[in-house]
Amino acid sequence: MHRLTMMFHAAVASVLIAGAAIAAPPASVAIVSDATGDAYVVTASNPVRLTLLSELQSGQVLRLEPGSRVVVAFLPGGDVYELAGAGRFLVGVRGIEPLDTKNPPHKRELPASLQSLAVKASDVSQGAVIMRGGGLSDRVVLVRPSHAIPSQQALVFEWRPMAKPSTVYRFLLLDGDRNKALEADVNEARFTLPPGIVLNEGEPYTWVVSARNERGVTTESAAEFTIVPSAQRMALESARPAATADVTERVVYALALENRGLQEEAQRYWSALAGERGELRSRVVQR
């Protein structure tokens, strides 16, 4: 009986594991890198409206209404398909096929320098958000840097000022081994890295700011950052699209910046793009 019970539990576990694998959402193969007009993903129930930065999976059918335009970028491959309505299109693993022969898609490629950054379709949903400054606070709220920075040149650490006007802040910088690299008392809500301090590229650093709030309670916050290695910086600089480049190229580049933790620079691209495509305002972190 014990043997049968064990076999039963093993069989149930196998079914559950298989079911979990089946239930797992399919991987995204492409993103909508530009969109105007009315376009939808056809589903068994109600169609789902396509918007800029929508992630697409193989096997989906897209329906474009008359006058609409959708650009789909396959990532990390780099093939770009421009679709125009009216028409229906099938998303494949590496491309798009028309289901209406009257309106075939136009195919092109991203510039080779952008392709080399190997942005993935899933990078859309994995984009990080950074904390921004605001008004006075009764606790330490760090603003920048966070994630990654392009270099240590003119590196400034900023946080929200405390409500208590006479606050003295304790600033602490730790290297990747948690050793103290710098410590200082600061009278304002910012600190500029002294010229004599040299930080290593690619090494994770932690900066900590502590202070007492109006209730006399010590409050402390910490954040990490790294300096992007020079090879990555050169690749990004080589791939940087011109200000006049199309929306797709600038969207992919902004995703590449986010993927490498360069949130400040990515935000500049999202802000500019949001002026042209209003739906991208949700990508912009409000100051």
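The values are calculated or read from the model by the stated rules, or taken from the named source; none is laboratory data. What you are looking at is a predicted structure, and each value in this text was computed from that prediction instead of being measured. Cβ atoms come from the backbone with ideal geometry, glycine included; neighbour counts cover every protein chain shown. With ligands, DNA and RNA removed, areas are computed over all heavy atoms of the protein, side chains included. Shrake-Rupley method; radii C 1.70, N 1.55, O 1.52, S 1.80 Å.
Within the range 251-284, being touching a strand residue (DSSP E or B) at 6+ places or on another chain (Cβ under 9 Å), farther than 22 Å from Glu201 by Cα, assigned to a helix (DSSP H, G or I) and open to solvent by 10 Å² or more (accessible area, probe 1.4 Å) holds for one residue alone: Glu279.
Could you check, for the range 56-68, whether at least one of its residues is in contact with a Leu (Cβ under 9 Å, 6 or more places away or on another chain), open to solvent by 50 Å² or more (accessible area, probe 1.4 Å) and of a type in the set (A, V, I, L, M, F, W, C)? Among the residues of the range 56-68, not one is in contact with a Leu (Cβ under 9 Å, 6 or more places away or on another chain), open to solvent by 50 Å² or more (accessible area, probe 1.4 Å) and of a type in the set (A, V, I, L, M, F, W, C), which makes the answer no. The residue pairs whose first member lies in the range 84-95 and is open to solvent by 70 Å² or more (accessible area, probe 1.4 Å), whose second member is hydroxyl-bearing (Ser, Thr, Tyr) and at pLDDT 95 or above, and whose beta carbons are closer than 7 Å, counting only pairs six or more residues apart or on different chains, are Val93/Ser58. Listed conditions (1) within 30 Å of Gly78 (Cα to Cα); (2) touching a strand residue (DSSP E or B) at 6+ places or on another chain (Cβ under 7 Å) are all met by Tyr205, apart from (1). Which of the residues belonging to the range 69-83 are open to solvent by 10 Å² or more (accessible area, probe 1.4 Å) and more than 20 Å from Gln115 (Cα to Cα)? Listed by number, the list holds a single entry, Arg69. Filtering the range 207-242 to residues that are open to solvent by 70 Å² or more (accessible area, probe 1.4 Å), free of Cβ contacts under 8 Å to residues at least 24 places away in the same chain and under 24 Å from Leu273 (Cα atoms) leaves Met234, Glu237, Arg240. Here's a check for you: in the range 150-193, which residue that is open to solvent by 80 Å² or more (accessible area, probe 1.4 Å) and under 26 Å from Glu258 (Cβ atoms) is modelled with the highest pLDDT? For the range 150-193, the residue satisfying everything is Arg190.
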